[in-house]
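The values are calculated or read from the model by the stated rules, or taken from the named source; none is laboratory data. What you are looking at is a predicted structure, and each value in this text was computed from that prediction instead of being measured. FYI the Cβ positions are ideal-geometry reconstructions off the backbone, even for glycines, and counts take in every protein chain you see.
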């Protein structure tokens with residue numbers, strides 16, 4: 001085994017500041033049914049088809065006699081949540097909540113706080129409350145709550161579990177003749193994270209704190225801007241003022257991921273959570289534009305949206321003699337939350353957002369010049385929308401630009417030097433959402449190699465966070481997440497431990513070093529884009545005509561084809577390294593998507609795709625399809641109209657791809673080769689602990705050795721993660737990789753195959 005030589009320096013480079021953090025969005029039931037500790041699902045009977053076609057006001061409830069138990073809205077607890085349950089018992093009846101997953105996790109010896117709002121319509125009446133297992137047997141001593149008030153009144157009871165079950169139920173029993181109204185039926189564990197009320201599940205909160213994140217981005221994500229403009233609309237964009245104050249006054253909202261969002265976990269709780277896990281808060285606000293449905297607030301009516309942003313800053317940072325600072329204090333937090341970052345918009349595409357962003361930027365900077373404002377570059381890694389976002393950021397002097405991309409590991413390996421060419425004097429990049437589309441160990445190691453590049457470019461990259469953060473295993477909207485869980489257990493992915501290692505040992509500054517005698521990099525994929533080409537449907541039906549291949553030597557014409565949905569029709573093949581394919585395409589139905597022209601297939605599971613009318617028929621993209629993972633290399637906003645014929649041209653020169661529609665250049669991208677470096681390394685220094693951290697990532701199947709030419713790491717430690725490329729944690733099997741923490745002695749650092757290592761010095765060194 002050849003050994004590379006590490007020669008540490010002492011000269012400090014770029015500060016890392018708040019580089020690595022986390023991003024929370026209520027996707028995959030991450031909040032309701034997850035981080036938010038409420039155990040009752042649909043506690044206020046507000047579920048509705050607007051949330052999910054299968055929803056109704058009694059979703060997640062079992063009613064023994066629907067004739068005696070009916071949802072009504074004539075005499076509500078408040079106007080924000082109008083639904084309640086009217087009990088008019090024609091016989092003895094029961095109302096049972098199923099919780100989330102297979103039921104509630106109720107544990108012997110643990111306390112659970114029950115509450116509800118009730119008003120009687122028939123004198124004093126008793127409500128029998130039970131915690132049971134699936135069979136209906138009690139797992140805690142039941143209680144009787146006498147209800148006397150003819151006005152809405154909150155009642156509270158504490159249970160102590162006698163037995164443990166993962167299929168728990170909450171049951172309310174009413175005797176014949178009972179006539180009352182009930183709402184906001186709630187059950188919370190006593191042992192929440194940091195013992196706060198209306199707060200966070202303990203084990204999930206602890207999993208976040210253990211990451212040591214520098215910031216917490218919240219509450220989304222697409223759910224921030226997907227919705228109506230009216231803040232009082234059930235399907236409104238996320239408006240932060242709806243999420244604070246008395247929990248029963250917070251309106252339910254449509255979550256764009258196909259379920260109901262209670263807002264029980266609101267902005268105040270997000271700020272508290274940031275504080276509790278030692279992270280800086282980074283809220284995201286809508287910019288008066290919904291790119292999903294082309295809804296936009298008129299520019300002359302942006303005042304309320306801008307006021308929301310200004311008021312949020314005052315809510316977070318204002319003294320108690322300000323309006324919103326006083327509100328914060330009244331909620332239980334007199335001290336400010338020290339907000340430093342604020343994002344306007346999330347993955348916005350379209351000129352409408354960039355016409356509106358300057359108004360936010362000007363107003364916020366005028367009143368709060370120290371707030372770091374974050375613009376957006378859309379949901380793609382490159383292309384015209386991406387460029388427009390960066391142009392807006394430069395023109396408005398945004399502090400950061402939010403980039404999002406989910407790619408396969410090969411893309412990350414091909415783009416290791418993505419940020420090397422960014423301008424250190426311009427806005428910094430904020431990698432607000434990224435992942436390599438799988439939770440196997442190889443993906444995590446590749447992500448680690450990419451994080452090395454983010455560190456190395458800390459003068460150009462300000463912030464970065466993996467996404468999504470949470471997934472309830474029984475409610476998956478998105479297939480690659482950092483932490484999986486059910487009602488009982490938490491399963492950090494192998495990717496989680498990489499993120500944890502980088503956050504915990506981030507350091508404050510890059511520091512100089514030399515790495516000598518490195519082996520050569522391995523080029524895995526640098527071949528020209530040649531091979532088979534074919535057409536493939538993408539839901540819509542499309543007709544391809546006048547298909548011609550010109551390889552510079554001859555022209556070949558192919559028969560017309562019609563494809564529908566994922567139907568695939570092969571056309572031909574070429575070995576030419578420079579070729580042009582022209583065709584006419586017509587969408588013949590009104591489906592929400594377009595179609596695909598595929599090319600460069602040499603392997604059975606890998607080819608290149610020109611997507612015409614992708615996503616919701618909004619994009620022209622160039623994609624690399626590889627097995628179960630896709631990487632969208634570039635994007636331009638473009639839609640495919642029914643019945644119109646488009647004249648299309650695809651030009652391929654080695655690995656340079658250009659697309660044209662009706663003579664106009666649409667996409668222009670070079671698919672850079674996949675290169676695997678012998679190792680990926682960086683060194684940082686921590687001013688707080690006077691320690692050095694040397695990180696080394698090995699993405700190959702061979703061990704590597706580094707000779708440390710210094711005594712600086714004597715009496716230090718090595719923190720190391722390694723495993724098989726396909727290792728994957730899951731519930732019940734959370735230790736599928738090896739996690740080592742051993743003293744470092746001597747001068748030889750061994751990097752096992754597929755490993756991530758941090759060499760940590762003792763606390764005795766300084767810098768200059």
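Summary of values
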read-out: Residue ranges of strands (runs of 3 or more DSSP E) in the range 1-81 with at least 1 members out of contact with any helix residue (DSSP H, G or I) (no Cβ under 6 Å at 6 or more places or on another chain) and surrounded by fewer than 22 Cβ atoms within 10 Å (Cβ to Cβ); value: 3-15, 61-63, 69-72
read-out: Unique residue being buried (at least 20 other Cβ atoms within 10 Å of the Cβ), under 22 Å from residue 38 (Cα atoms) and not assigned by TED's automatic domain parsing to the domain that holds residue 231 when the list is 132, 96, 143; value: 132
read-out: Selection from the range 529-542 of residues that are surrounded by fewer than 17 Cβ atoms within 10 Å (Cβ to Cβ) and either assigned to a strand (DSSP E or B) or touching a strand residue (DSSP E or B) at 6+ places or on another chain (Cβ under 8 Å) (or both); value: 532
read-out: Qualifying residue in the range 544-554 (condition: under 39 Å from the mean Cα position of the chain (by Cα) and surrounded by 14 or more Cβ atoms within 10 Å (Cβ to Cβ)); value: yes
read-out: Enumeration of residues in the range 639-661 that are touching a helix residue (DSSP H, G or I) at 6+ places or on another chain (Cβ under 9 Å) and buried (at least 22 other Cβ atoms within 10 Å of the Cβ); value: 640
read-out: Hits in the range 77-98 - residues which are out of contact with any strand residue (DSSP E or B) (no Cβ under 6 Å at 6 or more places or on another chain) and farther than 19 Å from residue 132 by Cβ; value: 78, 79, 80, 81, 82, 90, 91
read-out: Any chance residue 735 is over 19 Å from residue 690 (Cβ atoms), surrounded by fewer than 16 Cβ atoms within 10 Å (Cβ to Cβ) and without any contact (Cβ under 8 Å) to a residue 24 or more places away in the chain; value: yes
read-out: Test: residue in the range 503-519 that is modelled with pLDDT under 95 and in contact with a helix residue (DSSP H, G or I) (Cβ under 9 Å, 6 or more places away or on another chain); value: no
read-out: Residue in the range 457-473 that is surrounded by fewer than 23 Cβ atoms within 10 Å (Cβ to Cβ), assigned to a helix (DSSP H, G or I) and touching a residue at least 40 places away in the same chain (Cβ under 8 Å) present; value: no
read-out: Hey, residue 751 in contact with a strand residue (DSSP E or B) (Cβ under 8 Å, 6 or more places away or on another chain) and more than 14 Å from residue 444 (Cβ to Cβ) or not; value: yes
read-out: Single match in 263, 312, 282, 339 (criterion: modelled with pLDDT of 95 or more, under 26 Å from residue 470 (Cβ atoms), part of a helix (DSSP H, G or I) and in contact with a helix residue (DSSP H, G or I) (Cβ under 9 Å, 6 or more places away or on another chain)); value: 312
read-out: Count of the range 623-636 residues which are within 16 Å of residue 404 (Cα to Cα) and modelled with pLDDT of 95 or more; value: 7
read-out: Only one of 758, 697, 742 that is in a strand (DSSP E or B), under 27 Å from the mean Cα position of the chain (by Cα) and over 27 Å from residue 631 (Cα atoms); value: 758
read-out: Selection from the range 190-205 of residues that are surrounded by fewer than 22 Cβ atoms within 10 Å (Cβ to Cβ) and closer than 16 Å to residue 269 by Cβ; value: 192, 194, 195, 196, 197, 198, 202, 204, 205
read-out: Residue that is assigned by TED's automatic domain parsing to the domain that holds residue 455, under 15 Å from residue 37 (Cα atoms) and crowded, with 23+ Cβ neighbours inside 10 Å, where the choices are 208, 187; value: 208
read-out: Unmet requirement for residue 293, which otherwise passes all of (1) under 22 Å from residue 353 (Cβ atoms); (2) touching a strand residue (DSSP E or B) at 6+ places or on another chain (Cβ under 9 Å); (3) in a helix (DSSP H, G or I); value: (3)
read-out: Entirely in the range 555-615, the strands (runs of 3 or more DSSP E) that have 2 or more residues that are within 33 Å of the chain's Cα centre (by Cα) and on the phi < 0 side of the Ramachandran plot; value: 595-603, 606-613
